[in-house]
Amino acid sequence: MLRNPNGLPFAVTALLGGTILADALSLFATFELRTAVTEHAGGDVSGRDLAMATMAGVGLLQILLFLATATVFIIWFHRLRANAEVWAGDLLGRTPGWAIGGWFVPLANLWIPRGVAADIWRASRAEPSAADRPGELLLLNGWWTAFVADWIVARVAGRVYGWAETFEEYASAANWLLASDALDIVAAVLAILFVRRLTSMQHAKATGMIPAAVTKSRAPAQ
């Protein structure tokens, strides 16, 4: 049975927008840290400490937004995977449960969700069994590349920042943190585009706007 995908995307988009704003605040605070430890002779201890306190507050906001966004995104993701089962269950590589569980398998969560997303994409287009058109998965692959890159850089940045003791080490940590926040913004923007595009594809298919999609489809449950 098809499930309506049109409510959750608004919440996901709003939360991702909040994430972008929090990342922008983090960029500002981290830049202040970098300035304090590089542009003052001998380093500015008070400026460093103020920047670090600001970063701690923004970091808490980022964590809360991440948890909220991840929860709503995974619910949305699983709902679209359930719809994909109706349209092309015999063509999908993993069961619907992987739309949730795949995010929680260490290391494997760097590729399993991307494979599930590709399955959903193909099932949601007009001809699920057709070969991928050139560049068709560009948005998906771009989002996932930015997501994985951010995942890696964020962990390196966290370690470098946690180990920092000298002004030079804080400057290096700030550079890593700036890169992480910038990548997170890119990943969030691409995620918004991906969510909107995939939801639109499923809505079009479920409502019969795509003639080839009428087989096995019904109006979304309200």
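Which numbered condition in (1) modelled with pLDDT under 95; (2) assigned to a helix (DSSP H, G or I); (3) surrounded by 15 or more Cβ atoms within 10 Å (Cβ to Cβ) is the only one that PRO96 fails?
Here PRO96 clears every test but (2).
Could you say which residue among ALA117, ALA213, ALA206, ALA154 is aliphatic (A, V, I, L, M), at pLDDT 95 or above and crowded, with 20+ Cβ neighbours inside 10 Å?
Numbers: ALA213 fails: at pLDDT 95 or above; ALA206 fails: at pLDDT 95 or above; ALA154 fails: crowded, with 20+ Cβ neighbours inside 10 Å.
Sole residue among the options that is aliphatic (A, V, I, L, M), at pLDDT 95 or above and crowded, with 20+ Cβ neighbours inside 10 Å: ALA117.
When you scan region 60-71, do you find a residue that is among the aliphatic types (A, V, I, L, M), surrounded by fewer than 16 Cβ atoms within 10 Å (Cβ to Cβ) and part of a loop (DSSP other than H, G, I, E, B), even just one?
No.
So which residues in region 130-183 are of a type in the set (Lys, Arg) and assigned to a helix (DSSP H, G or I), if there are any at all? Walk me through it before giving the result.
First, the residues of region 130-183 that are of a type in the set (Lys, Arg): 133, 155, 159.
Correct list: ARG155, ARG159.
Do we have any residue at all in region 108-120 that's closer than 30 Å to ASP49 by Cα and among the basic types (Lys, Arg)? Reasoning before the result, please.
Our first condition is that a residue be closer than 30 Å to ASP49 by Cα; within region 108-120, this holds for none.
No, region 108-120 contains no residue that is closer than 30 Å to ASP49 by Cα and among the basic types (Lys, Arg).
Which condition breaks for ARG79 when tested against (1) within 15 Å of LEU8 (Cβ to Cβ); (2) out of contact with any strand residue (DSSP E or B) (no Cβ under 8 Å at 6 or more places or on another chain); (3) crowded, with 19+ Cβ neighbours inside 10 Å?
(2)
Could you tell me which of the residues ALA131, ALA118, ALA123, ALA154 is small (Gly, Ala, Ser), over 21 Å from SER200 (Cβ atoms) and in contact with a Leu (Cβ under 9 Å, 6 or more places away or on another chain)? Working first, answer last.
Working: ALA131 fails: in contact with a Leu (Cβ under 9 Å, 6 or more places away or on another chain); ALA118 fails: over 21 Å from SER200 (Cβ atoms); ALA123 fails: over 21 Å from SER200 (Cβ atoms).
Only one candidate qualifies: ALA154.
Looking at ALA117, is it touching a residue at least 12 places away in the same chain (Cβ under 8 Å) and not basic (Lys, Arg)?
Yes.
From THR13, THR19, which residue is under 21 Å from LEU193 (Cβ atoms), touching a Leu at 6+ places or on another chain (Cβ under 8 Å) and in contact (Cβ under 8 Å) with a residue 60 or more places away in the chain?
Answer to the selection: THR19.
Considering only region 29-56, how many residues are assigned to a helix (DSSP H, G or I), without any contact (Cβ under 8 Å) to a residue 12 or more places away in the chain and farther than 19 Å from VAL160 by Cα? Steps first, please.
Keep residues of region 29-56 that are assigned to a helix (DSSP H, G or I), which gives 29-38, 45-56.
Narrowing further to those that are without any contact (Cβ under 8 Å) to a residue 12 or more places away in the chain: 45-46, 49, 53, 56.
So of that shortlist, the ones also farther than 19 Å from VAL160 by Cα come out as 46.
Of the residues in region 29-56, 1 are assigned to a helix (DSSP H, G or I), without any contact (Cβ under 8 Å) to a residue 12 or more places away in the chain and farther than 19 Å from VAL160 by Cα.
Would you call VAL58 β-branched (Val, Ile, Thr), more than 18 Å from TYR170 (Cα to Cα) and in contact with a Leu (Cβ under 9 Å, 6 or more places away or on another chain)? Show your work before the answer.
Details: β-branched (Val, Ile, Thr): yes; more than 18 Å from TYR170 (Cα to Cα): no; in contact with a Leu (Cβ under 9 Å, 6 or more places away or on another chain): yes.
When the stated conditions are applied, VAL58 does not pass them.
Just give me the residues in region 120-145 being within 17 Å of the chain's Cα centre (by Cα), surrounded by 20 or more Cβ atoms within 10 Å (Cβ to Cβ) and free of Cβ contacts under 8 Å to residues at least 60 places away in the same chain, in sequence order.
First, the residues of region 120-145 that are within 17 Å of the chain's Cα centre (by Cα): 120-121, 137-145.
With the extra rule that they be surrounded by 20 or more Cβ atoms within 10 Å (Cβ to Cβ), the set shrinks to 120-121, 143-144.
Across region 120-145, the qualifying residues are TRP143, TRP144.
Name the pairs whose Cβ atoms lie under 7 Å apart, with the first residue in region 151-179 and under 13 Å from ALA36 (Cα atoms), the second polar (S, T, N, Q) and in a helix (DSSP H, G or I), and 6 or more positions between them or separate chains?
Once the first residue is under 13 Å from ALA36 (Cα atoms) and sits in region 151-179, its partners that are polar (S, T, N, Q) and in a helix (DSSP H, G or I) give ALA171/THR38; ALA174/THR30.
The values are calculated or read from the model by the stated rules, or taken from the named source; none is laboratory data. Since this is a predicted model, take the numbers as computed values, not measurements. Cβ atoms come from the backbone with ideal geometry, glycine included; neighbour counts cover every protein chain shown.
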